[in-house]
Amino acid sequence: MHQKHAACFLDFDHTIFHTDQFFHVDARNSFLNLGIDALCWEQAYAAVRPTGYTIKKHLEAIIRQSGTHLPLGKMQNMLQTKFSDLKKYLFPDVIPFLHSAKEKGISLYLLSFGDAQWQSYKVAHCGINDYFDDIIFTAREGAKADVVKEKTKKVGRVIVVDNDPRELDAIKDITPQTHTWCINRVPDELLVPHDESSRLKFFSARTYAAMIGRHQHDSTKTLDEVLVAI
């Protein structure tokens with residue numbers, strides 16, 4: 001009888017992709033250069049995020065709040081033109097991890113929370129699609145657990161890496177045998193921001209880093225430790 005192989009599920013935002021640097025620093029600055037107010041940018045983001053974030057919703061909220069006459073299509077085109085290559089936002093350990101995991105025969109799954117179209121845009125422009133056996137987007141918080149359960153019925157070992165302990169808790173609830181890793185990409189010295197630059201660089205990741213899970217998850221700052229364990 002063949003031994004069942006291992007599968008590794010990777011979260012996208014704040015796990016393999018430096019979302020805050022891309023979005024809250026670089027994309028934000030690009031739009032501020034068009035005359036959009038910084039406070040309006042953040043307030044619009046806070047307003048639309050609970051509804052399932054998309055860049056279109058965010059820009060529509062900015063237009064409503066600021067009264068800017070910039071066309072929505074022009075703003076979207078600017079984003080797509082300026083940020084057509086997102087490889088630089090992958091954390092440095094990501095490509096070596098993906099390559100080594102594939103060499104070890106690990107099945108890789110990208111499991112991301114968020115609007116499918118917006119997430120697909122980011123993933124596709126990172127150039128990492130070919131590493132994954134499947135790429136799954138879910139717009140419902142907590143739904144990752146159902147995906148892991150369904151995908152791993154014929155798998156031996158299951159590893160999940162995510163920066164959100166709530167998602168990892170939900171996975172542990174229904175698949176307690178899963179080896180869960182809670183990754184925190186925020187440098188220790190920036191857990192409390194000391195200036196505006198450091199505040200924005202880990203704008204959202206810092207919130208997740210402060211959360212405490214109900215279950216025990218291995219903690220890590222990099223994917224290197226995960227690779228050794230699998």
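Please state, to two decimals, what the Cα-based radius of gyration of the range 21-82 comes to when divided by 2.2 N^0.38 Å (N = residues).
Details: Rg = 10.5 Å, N = 62, 2.2 N^0.38 = 10.6 Å.
Output field value: 1.00.
You can think of it this way: the chain between Q76 and N29 has 15.5 nm of extra reach, that is 0.36 nm per residue less the Cα-Cα gap.
Can you give the % of DSSP beta bridges in the chain that are antiparallel, to the nearest 5? Show your work: numbers first, answer last.
Numbers: 1 of 22 bridges.
The antiparallel proportion sits near 5 percent.
Counting neighbouring Cβ atoms within 10 Å and putting the fewest first, the residues I36, I62, I136 line up as I136, I36, I62. The value of relative contact order for the range 1-124, using C-alpha pairs under 8 Å at least six residues apart, is 45 percent. From the P(r) of the chain, could you give the percentage of C-alpha pairs in the tail past 31 Å? Percentage above 31 Å: 23.
What's the extension gain from S197 to E225 if we count 0.36 nm per residue and subtract their Cα-Cα distance?
Working: separation 28, 0.36 × 28 = 10.08 nm, distance 2.87 nm.
My answer for the length gained is 7.2 nm.
Here the convex hull built on the C-alpha positions of the range 46-140 has a volume of 107 cubic angstrom per residue.
Distance between the modelled labels on A124 and R64, one decimal in nanometres: 2.7 nm (7 Å Cα→Cβ projection).
Under a 5 Å amide H cut-off, with hydrogens placed 1.01 Å from N, C126 pairs with L86 among residues at least 5 apart or on other chains. Just checking the listed ones, D146, D130, D169: in the Gaussian network model of the chain with Cα springs under 10 Å, the one fluctuating most is D130. Computed extension gain for D218 through K149, at 0.36 nm per residue and net of the alpha carbon distance, reaches 22.9 nm.
For the chain, what is the relative contact order in percent, using Cα pairs closer than 8 Å and at least 6 residues apart in sequence? Numbers along the way, then the final one.
On the way: 330 pairs, mean separation 62.5, N = 230.
Reported as a whole number, the value is 27 percent.
For the range 53-175, what relative contact order do you get, as a whole percent, if you take Cα pairs closer than 8 Å and at least 6 residues apart? Mind dumping the intermediate values first?
Values: 100 pairs, mean separation 26.1, N = 123.
That works out to 21 percent.
Size of the dipole of the range 21-82 about the Cα centre, Lys and Arg at +1 and Asp and Glu at -1 on the beta carbon, nothing else charged, in debye to 20? List each step's numbers first, then the result.
On the way: 7 positive and 4 negative charges, 35 e Å.
Rounded to the nearest 20 debye, it is 160 debye.
Could you work out which residue, out of A116, A47, A61, moves most in a Gaussian network model of the chain, that is, has the largest mean-square fluctuation with Cα springs under 10 Å? It is A47.
Only the coordinates and a few stated rules stand behind these numbers; no lab work does. These numbers come from a predicted model, not from an experiment. Cβ sites come from the backbone with ideal geometry, for glycine too, and all protein chains shown count toward neighbours.
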